[in-house]
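Working notes, structure below.
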Amino acid sequence: MNDFRSKLVRTIAPYTAGEQLNDKRYVKLNTNENPYAPSPKAIEALHSFPADSLKLYPPLEMRALREAIAAAEGVAPQNVFCGNGSDEILALCFPAFFDADGQGAAFADITYSFYSVFCSFFHIPYTLLPLEEDFSLDLAKLTALPAQGILVANPNAPTGIGIPLDEIRPFVAQNKGRIVILDEAYMPFFNQSAVPLTEEYDNLLVVKTFSKGYSLAGMRCGYAIGNRALIEGLERCRDCFNSYPVDRVCQVVCAAAIADGAYYAEKNAAVVAERERLHAALSRRGFTVLPSKSNFVFAKHAALAGRTVYEELRARGVLVRHFAKPRIADFCRITVGSCAQNDALLAALDDILRT
Ligand code: PMP
């Protein structure tokens, strides 16, 4: 049989998403979804959505959604770009801000693994900075690397470690000759967003999502905030690929969600409280747990291999994420679930540790 695939597609290693076994038998703590339902206002917007309008393409300008995001973030709508999940926006960042024959991108060796996949896909070179022994990121070392632009996930994934805003500010200032892309997917659980800095620094793009802090992973919507030239760069890339990435239903539901900040502040505070409980409970069971500022914990057991913890939990109906990668193969990434889900995880671990 002929192989009609391009050389790129034949050789690239695509990103591996977490298993989506939405089977009720599983306690699903593997893809960092929020355990709480979306805001009642978002659900109401969905129920009252005028379905007949679906015969029309979505509004190109996404004005209502961008205005709602701008109001919540304290910026102007013209500084907001929306996409089909923050993954899509991060993907567009590579052709928008990097040249295949340029100095490439720089990011940590242990971070969101989509970054290197996007680089390979868009033929952009990249340099990896090894995280320190304690999995912290040395921003001075990152600044010293030659690169056309820098990506930092803050808080980082899968480590969960967060960098305070007072360290981010000088970092952005020191890199003012090149773009700094901050992936703030997990910022709702840290509350130190760099969005206010985008007005001051024209090299800063902050990328956020509705998937984690707004309980809307199934909706697929993300946004980026930056100065007009950066946003225009993303728009040009989007319009070379898909002019309508955010559908009508999504625009309406996400606009209603982000307007209900009080609801999410309460729910995300509950996730943070559960995160701290989980951290302590795992420590008591012999795990080393990295200090997380996100909605997951990254933990390694003193006696059990990461793969074993993953497999034994799975056999007991609890899904967590394991990465068979250098330096982190002994860890599992565990999403902070509801109180009941976390209790189920701890009970399963107790069972594993007894045998
Ligand atoms: N950034 C990071 C660090 C993530 O972990 C994720 C979720 N896998 C994303 C971005 C993408 O999220 P989404 O496409 O759902 O907005």
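The values are calculated or read from the model by the stated rules, or taken from the named source; none is laboratory data. In this text, all values refer to a predicted model and were calculated from it rather than measured experimentally. Cβ atoms come from the backbone with ideal geometry, glycine included; neighbour counts cover every protein chain shown. Please note that ligands, DNA and RNA were not included when accessible areas were found on the heavy atoms of the full protein model with its side chains. Shrake-Rupley method; radii C 1.70, N 1.55, O 1.52, S 1.80 Å.
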Label-point separation, ILE12 to ASN191 (7 Å along Cα→Cβ), nm:
3.9
Per the rule of 0.36 nm per residue minus the C-alpha distance, extending ASP109 to LEU54 adds in nm 15.5 nm
Per residue, how many Å² of accessible area does region 1-145 show with a 1.4 Å probe?
56
Have a look at THR209, TYR115, MET62 and report the one farthest towards the positive end of the charge dipole of region 50-260, computed about the Cα centre with Cβ charges (Lys/Arg +1, Asp/Glu -1).
MET62
Applying 1/(1 + (r/R0)^6) with R0 = 56 Å to the Cβ-Cβ distance of THR355 and ARG228, what FRET efficiency is obtained, to the nearest 0.05?
0.40
If you stretched the chain out fully between SER338 and ASP247, how much longer would it get, using 0.36 nm times the residue separation minus the C-alpha to C-alpha distance?
29.8 nm
Find the all-direction average of the projected area of the Cα convex hull for the chain, expressing the result in square nanometres with one decimal place.
19.7
Any idea how far apart THR308 and LYS325 come out in nm if each label point goes 7 Å out from Cα toward Cβ?
2.4
Return the distance in nm (one decimal) between the two label points of a simple spin-label model at GLN20 and LEU165, each offset 7 Å from Cα along Cα→Cβ.
3.4
With +1 on each Lys and Arg Cβ and -1 on each Asp and Glu Cβ, how big is the dipole of region 1-123 about its Cα centre, in debye rounded to the nearest 20?
320
How about LYS300: which lysines have a C-alpha closer than 17 Å to its C-alpha, ignoring those fewer than 8 places off in the same chain?
LYS325
Looking only at region 192-215, which residues have a backbone nitrogen under 14 Å from a spot 7 Å from the Cα of TYR36 in the C-beta direction?
212-215
Of every hundred units of 1.4 Å-probe accessible area on the chain, the number belonging to carbon and sulfur atoms, as a percent, is 55
Residues in region 206-235 that a label on ALA72 would reach, taking backbone N under 18 Å of a point 7 Å out along Cα→Cβ:
206-226
Pairs of alpha carbons in region 98-138 whose separation is greater than 14 Å (percent)
45
Kirkwood-Stokes translational diffusion coefficient of region 50-260, alpha-carbon pairs, 37 °C, 0.692 mPa s, µm²/s
189
